[in-house]
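Step one of this worksheet: look at the structure below.
The values are calculated or read from the model by the stated rules, or taken from the named source; none is laboratory data. Please read all numbers here as calculations on a predicted model, not as lab measurements. Every residue, glycine as well, gets a Cβ built from its backbone with ideal geometry; the counts of neighbours run over all protein chains shown.
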Amino acid sequence: MEFRTDYPEDFRAGFACFVGRPNTGKSTLTNALVGEKVAITSAKPQTTRHTIRGIVHRDDHQLIVVDTPGLHRPRTLLGSRLNDLVAATLSEVDVIGFCLPADEPIGPGDKYIASQLELLDGRTPIVAIVTKVDKVSQEQVAEALLAVGQLANFADVVPVSAVDGFQVETVDTVLTSYLPKSPPLYPEGELTDEPEEVMIAELVREAALEGVRDELPHSLAVQVEEMYPREGRSEDNPLWNIHVNLYVERSSQKAIIIGKGGSRLKEIGSESRRGIEALLGTKVFLDLHVKIAKDWQRDPKQLGRLGFDFS
């Protein structure tokens, strides 16, 4: 991939960060803006655990969207480190998109985030993005916009539905208006700067989160142990071996992931394999193992080993 050299003089490029409570539509909106799936989505809270960069390419600008973990009052060391990751990201972007869902009233979590954003002292413009407007009536959208407007003095307020595409381009336009004039920062056609191993682990975790009990998302970590091309395969029919470990904190959670007779683990493998093959553009042999890492969310050494040492 190569950088554009024919960009106009007033071309803009920069970073926008989405913040909000867990499960407010940040990842879905990131994917809608990019036009491809770069961040996993789930109805489960605390789905995003890394800052995922999605790159939006347009003729006159390049918007790099940073999808962050949901900002929340932490209950574990993992929660504290995720919040630290968000705080570090906020200090480095050109504009912040504060996502608030139209189908839920403003609550303590939203007020907590608003208070954290106030600490930036106006250094970074904050755009309120009222998400999930497809789930409510027009009257409820109006009420949500009014409530959001009273929460803080935002630079802009934009209603959007990432699911049906309503005002996704408007979000792009508004966020881009706060970017500096700059040449493109990423090569043309590149949609994310996430390493393939991280994307693969996220696809497996997304598949594992479907249809499980509420406590499991917080306790589940996924890590690619190794990946390499299968020897002896022809160039026109390659196969990649990918070995992945799924970590949980208790034996009861391990039983949930594996399922009766291994049925649940097979479903996770089949579902995630489709996404991985689409990502890599080749067939894969996916080897999944479920392991217990007791209380890993509270153990600094285990957090570091699982990739959550953001220092």
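Here is a list: 144, 207, 162. Which entry is in contact with a helix residue (DSSP H, G or I) (Cβ under 8 Å, 6 or more places away or on another chain), farther than 20 Å from residue 33 by Cβ and in the same structural domain as residue 28 (by TED's automatic domain parsing)?
144
This table checks each residue for (1) without any contact (Cβ under 8 Å) to a residue 24 or more places away in the chain; (2) aliphatic (A, V, I, L, M); (3) surrounded by fewer than 18 Cβ atoms within 10 Å (Cβ to Cβ).
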residue	(1), (2), (3)
154	no, no, no
160	no, yes, no
164	no, no, yes
199	no, yes, no
202	no, no, no
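Checking the structure you have, find out if any residue of segment 110-130 is assigned by TED's automatic domain parsing to the domain that holds residue 97, assigned to a loop (DSSP other than H, G, I, E, B) and within 19 Å of residue 34 (Cα to Cα).
No - not one qualifying residue is present in segment 110-130.
So, residue 248, is that one surrounded by 11 or more Cβ atoms within 10 Å (Cβ to Cβ), closer than 18 Å to residue 207 by Cα and at pLDDT below 90 or not?
yes
How many residues does segment 232-275 hold that are in a helix (DSSP H, G or I) and either outside the structural domain of residue 299 (by TED's automatic domain parsing) or hydrophobic (A, V, I, L, M, F, W, C) (or both)?
Number satisfying all stated conditions: 6.
With the requirement that a residue be at pLDDT 95 or above, polar (S, T, N, Q) and surrounded by 13 or more Cβ atoms within 10 Å (Cβ to Cβ), what does segment 88-146 give you?
Of everything in segment 88-146, those that are at pLDDT 95 or above, polar (S, T, N, Q) and surrounded by 13 or more Cβ atoms within 10 Å (Cβ to Cβ) turn out to be 131, 140.
Based on this model, can you work out whether residue 150 counts as more than 17 Å from residue 16 (Cβ to Cβ) and in contact (Cβ under 8 Å) with a residue 12 or more places away in the chain?
no
In segment 278-306, which residue that is in contact with a helix residue (DSSP H, G or I) (Cβ under 8 Å, 6 or more places away or on another chain) and closer than 28 Å to residue 236 by Cβ is surrounded by the most Cβ atoms within 10 Å (Cβ to Cβ)?
By that ranking, first place goes to 288.
Given the structure, is residue 178 over 20 Å from the mean Cα position of the chain (by Cα) and crowded, with 19+ Cβ neighbours inside 10 Å?
Criteria met by residue 178.
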